[in-house]
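Trainee: Below is one structure. I have some questions about it.
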Amino acid sequence: MGVIRGRGEVMSLRIIAGIARGRKLKSVPGDTTRPVMDRVKEALFNILADDVIDSNWWDLFGGTGAIGIEALSRGAAFVRFSDLNRAPIETIKENVEHCRFEKQTEIRRGDAFSMLAAQADRQFEYIYIAPPQYKQMWSTALKLIDDNMKWLTDDGTVIVQIDPTEYENIELQNLIEGDQRKYGSTLLIFYDRI
């Protein structure tokens, strides 16, 4: 069962598909994170389909780790999780261990913007941005990636998850908005390399 969070939407606290299917995930104590709904997660991975297999991910504002762990369950090769706060980091560690993905993950505690501004130490096919709402953090992160494209592989994609009311058109040099998908109070935006 998911946790009810505002607007009557059930938030996902389990793995939907793949080798860890059905495993329940711990939620982060308090209200600092916003878990993703099952139907949004399902839609996201239906869009990506087999491209997830052997891919590398950076779950930038990791929260519970649900997106990155779902990617691993569906065949991703590696996921870096990062979050600023201790509670999400501890929750991600427990969820990764519970799903037995320790060898395919790296968990970093720190400021997402500082990490993105640093020299890239590896490349990712997918960088997933789902920050706390209504703080324009998604656009700051997106601009930092646009300025530091070495984080992305040649065919890499940045995926943003926000409330639709947060959306704005952002001027970018190296990324272009490819697609938008809206699911209730969640908007997914896909940015590809130009």
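Readers should treat all values here as calculations from the given coordinates under stated rules, not as data from a laboratory. Since we're looking at a predicted model, the values are computed, not measured. Cβ atoms come from the backbone with ideal geometry, glycine included; neighbour counts cover every protein chain shown.
Trainee: Among DSSP beta bridges lying fully in the chain, give the percent that are antiparallel, nearest 5.
Mentor: 55 percent
Trainee: Now for a different question. In debye, nearest 20: dipole of the chain around its Cα centre with unit charges on the Cβ of K, R (+) and D, E (-)? Intermediate values should be presented prior to the final figure.
Mentor: Details: 25 positive and 29 negative charges, 174 e Å.
Using Cβ point charges on Lys, Arg, Asp and Glu, the chain gives about 840 debye.
Trainee: Mind telling me which of Ile107, Ile92, Ile176 comes out most flexible in a GNM of the chain, alpha-carbon contacts under 10 Å?
Mentor: Maximum among the listed residues: Ile176.
Trainee: With springs connecting C-alpha atoms under 10 Å apart, model the chain as a Gaussian network and identify which of Arg181, Arg74, Arg86 has the largest mean-square fluctuation.
Mentor: For the chain, modelled as a Gaussian network with Cα springs under 10 Å, the answer is Arg86.
Trainee: Can you give me the long-range amide H partners of Arg14? Hydrogens built in the peptide plane at 1.01 Å from N, cutoff under 5 Å, separation of 5 or more residues or another chain.
Mentor: Amide H to amide H, under 5 Å and 5 or more residues apart or across chains, Arg14 pairs with Leu25.
Trainee: Over 28 Å between C-alpha atoms is what I'm after, so list which of Lys41/Lys103; Lys24/Lys182; Lys26/Lys182; Lys24/Lys150; Lys41/Lys143; Lys135/Lys182 land there. Write out the running numbers ahead of the final one.
Mentor: Values: Lys41/Lys103 23 Å; Lys24/Lys182 26 Å; Lys26/Lys182 26 Å; Lys24/Lys150 35 Å; Lys41/Lys143 24 Å; Lys135/Lys182 20 Å.
Check vs 28 Å cut-off fails for Lys24/Lys150.
Trainee: Tally Lys/Arg at +1 and Asp/Glu at -1 over every other residue whose Cβ is under 15 Å from the Cβ of Trp151; what's the total?
Mentor: Working: positive: Arg80, Arg108, Arg122, Lys143, Lys150, Arg193; negative: Asp59, Glu106, Asp121, Glu125, Asp146, Asp147, Asp154, Asp155, Asp192.
Charge balance in the 15 Å sphere: -3.
Trainee: Next question. Which of Thr140, Tyr167, Phe45 sits closest to the plus end of the dipole of the chain, meaning its Cα is farthest towards the positive end, when Lys and Arg get +1 and Asp and Glu get -1 on the C-beta?
Mentor: So the residue we want is Phe45.
Trainee: Among Ile47, Ile189, which comes first, second and so on when ranked by fewest other beta-carbon atoms within 10 Å?
Mentor: On the way: Ile47 13, Ile189 21.
By the 10 Å Cβ count, ascending, the order reads Ile47, Ile189.
Trainee: Could you line up Val52, Val79, Val40 from fewest to most neighbouring Cβ atoms inside 10 Å? Working shown, then result.
Mentor: Working: Val52 21, Val79 28, Val40 24.
Placing the least packed residue first, the sequence is Val52, Val40, Val79.
Trainee: Let me ask something additional. Of Ser82, Ser139, Ser27, which has the largest mean-square fluctuation in a 10 Å C-alpha GNM of the chain?
Mentor: Result: Ser139 has the largest fluctuation of those listed.
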